[in-house]
Amino acid sequence: METKPSNGSPAKFVDQLVVPGDVILDLSTMAEQTIKLGGGLRQDCDAISVIKAGILRFSKPNKYWVESSQKRYVPCAEDSVLGIVVDCKPDNFLVDIKGPSVAFLPVLAFEGGTRRNIPRFEAGTLIYVRVVKANTGMNPELSCVDVLETLGKKLPFEIAVGLNGRVWVNAGSPSIVIVVGNAIMKSESLTKVQQKIMAEKLLQRVQQE
Amino acid sequence: MMMETDRKDGRTPNQPRMLSCSRNILHRAHGSASWSRGETKVLAAVYGPKAGTKKNEDPEKACIEVIWKPKTGQIGKAEKECEMIMKKTIQSICLLTVNPNTTTSVVVQVVNDDGALLPCAINAACAALVDAGIPMKHLAVAICCCVAEEGSVVLDPTKLEEQQMRGFAYLVFPNSALSALPKGSSLVDGEPLEHGIITSVTHGVMSVDEYLRCVGRGRAACAKLSDVLRRSLQKSE
């Protein structure tokens, strides 16, 4: 018989690769505990099983999730994303956020929005929004966020990073936009230390010009 | 000794060919994988989930679409049959209720066919689905077992061997899963989950006993294949 994990201690598969079909927790041994499940896990009667391959993570006190890298975005509530307006309806804008379905942005979901001052977005407008609701089977609902943070110590540029894989960069001159874009693309597979070194080298090259 | 067949490439009857598997090879696809067994090689790409389902498909579930591309020639009935078999296999391992009213496309490109093509394609498609993050109940591992003239069971034939055998079976099993549950609690009808057959396609003539022996050997080979798959996923994470 395998030894069961005692109540209160994390499952023995934490920080290991799990594949669909693995059962990571047996709920019948953990009575009267609340467990939060993040992405990649689902409850199957008394067992928590994995539905996406990845590393199982645990954060105290009681949250489990599977960390994996994917190209397709899955809408989650409280995510900030960049969307492109596809269509305008009387009550909603239809926005493409690179997920399984088109999202709705209510016409009134803006700061100080009333029926009188509805913003006019053409199809193709890029907007930075927050996902309010994202239930499976329903189109996600969005809401407009206010001010963007300006990052950058030496280069003046604006950036908006969406959790759906889209990044928007704006700067005074095209060369700065290109440098920032390249820095982001190159740093995908680097560690933090390597990223800093790469960014500094790029900055040196820009300042020499 | 009468049951042992000497194979042309020197393998024992129970020895499958060299396996190589890689994921995330196509940059524009949402998930991709290539799977090769000896000279047989298949490339699979997954796109989706995309909004909307095809006509005549249930909008309450996700729809799976398989497109089979042969190495040469036009798409005919044999390719359509492979598409249908793969679609049914994938539908049974994916969780279709997580993303209702969406379509996920799986494109299978045959790079080279040297026997046991359909199991290779199923393994490639499963790895590509994992790469794309499509929610699944468990993985599928496939193998080809054939029955020689004198009744012995041979695993993973080459094309030449496939043509010479009396009959062969493509078998697909669920992968062996790690479990925090105590042993014995997740049995289905008294047998562990990985003993169940997801798909079985047979060609040729074989007796019931021979088929059951194929299933037994195939199951054992798939358990090992399951471990190899898990380790290959580990390397790429």
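The values are calculated or read from the model by the stated rules, or taken from the named source; none is laboratory data. Every value quoted in this text rests on a predicted model; they were computed, and no experiment measured them. All Cβ positions, even for glycine, are placed from backbone atoms using ideal geometry, and neighbour counts span all protein chains on display.
A few remarks follow.
- Residues in the stretch B:135-168 that are among the aliphatic types (A, V, I, L, M), away from chain A (no Cβ under 14 Å) and part of a strand (DSSP E or B): B:ALA142, B:ILE143, B:VAL147, B:VAL153, B:VAL154, B:LEU155.
- For the stretch B:110-134, residues that are out of contact with any Lys or Arg (no Cβ under 6 Å at 6 or more places or on another chain), surrounded by fewer than 24 Cβ atoms within 10 Å (Cβ to Cβ) and not in a helix (DSSP H, G or I) total 1.
- Within the stretch B:40-83, the only residue that satisfies the criterion of being more than 17 Å from the chain's Cα centre (by Cα), outside any loop (DSSP other than H, G, I, E, B) and of a type in the set (Ser, Thr, Tyr) is B:TYR47.
- Just so you know, in the stretch B:87-105 the residues that are buried (at least 21 other Cβ atoms within 10 Å of the Cβ), within 16 Å of B:ALA128 (Cα to Cα) and β-branched (Val, Ile, Thr) include one that is farthest from the other protein chains (Cβ to nearest Cβ), and it is B:THR89.
- Note on the stretch B:106-126: among residues that are in contact with a Leu (Cβ under 7 Å, 6 or more places away or on another chain) and closer than 20 Å to B:ASP227 by Cα, the one that is farthest from the other protein chains (Cβ to nearest Cβ) is B:ALA124.
- Residue within the stretch B:196-206 that is buried (at least 19 other Cβ atoms within 10 Å of the Cβ), touching a Leu at 6+ places or on another chain (Cβ under 7 Å) and at pLDDT 90 or above present: no
- Leading residue by the ranking (nearest to the chain's Cα centre (by Cα)) among those in the stretch A:98-123 that are over 30 Å from B:GLU60 (Cα atoms) and among the charged types (D, E, K, R): A:GLU111
- Restricting A:SER80, A:SER101 to those that are in contact with a strand residue (DSSP E or B) (Cβ under 9 Å, 6 or more places away or on another chain), within 14 Å of chain B (Cβ to nearest Cβ), closer than 30 Å to A:LEU126 by Cα and among the hydroxyl-bearing types (Ser, Thr, Tyr) reduces the list to A:SER101.
- Where B:LYS183 falls short, out of the listed (1) within 20 Å of the chain's Cα centre (by Cα); (2) modelled with pLDDT under 90; (3) under 30 Å from A:SER49 (Cβ atoms): (1)
- Filtered residue count, the stretch B:199-229, keeping only those that are farther than 17 Å from B:ILE122 by Cβ and touching a strand residue (DSSP E or B) at 6+ places or on another chain (Cβ under 9 Å): 9
- Matching entry among A:LEU105, A:LEU94 (being modelled with pLDDT of 80 or more and touching a Phe, Trp or Tyr at 6+ places or on another chain (Cβ under 6 Å)): A:LEU105
- Among the residues making up the stretch A:36-47, those that are at pLDDT below 85 and either surrounded by 15 or more Cβ atoms within 10 Å (Cβ to Cβ) or facing another protein chain (nearest Cβ under 8 Å) (or both) are A:LEU37, A:GLY39, A:GLY40, A:ASP46, A:ALA47.
- Yes/no for A:LEU126 being away from chain B (no Cβ under 11 Å), without any contact (Cβ under 8 Å) to a residue 60 or more places away in the chain, under 24 Å from the mean Cα position of the chain (by Cα) and surrounded by fewer than 18 Cβ atoms within 10 Å (Cβ to Cβ): yes
- Matching residues, the stretch A:12-36, being more than 22 Å from B:ASN175 (Cβ to Cβ) and touching a strand residue (DSSP E or B) at 6+ places or on another chain (Cβ under 6 Å): A:LYS36
- Some residue of the stretch B:85-108 being among the basic types (Lys, Arg), in a helix (DSSP H, G or I) and modelled with pLDDT of 90 or more: yes
- In the stretch A:59-69, of all residues being surrounded by fewer than 17 Cβ atoms within 10 Å (Cβ to Cβ) and either aromatic (Phe, Trp, Tyr) or part of a loop (DSSP other than H, G, I, E, B) (or both), the one that is nearest to the other protein chains (Cβ to nearest Cβ) corresponds to A:SER69.
- Check on A:ILE55, in contact with a helix residue (DSSP H, G or I) (Cβ under 8 Å, 6 or more places away or on another chain) and either at pLDDT 80 or above or assigned to a strand (DSSP E or B) (or both): no
- Of the residues making up the stretch B:45-62, just one is farther than 22 Å from B:ALA121 by Cα, within 10 Å of chain A (Cβ to nearest Cβ) and either hydrophobic (A, V, I, L, M, F, W, C) or out of contact with any Ser or Thr (no Cβ under 9 Å at 6 or more places or on another chain) (or both), namely B:ALA51.
- Failed item, numbered, when B:LYS54 is tested on (1) surrounded by fewer than 14 Cβ atoms within 10 Å (Cβ to Cβ); (2) over 30 Å from A:ASP96 (Cβ atoms): (2)
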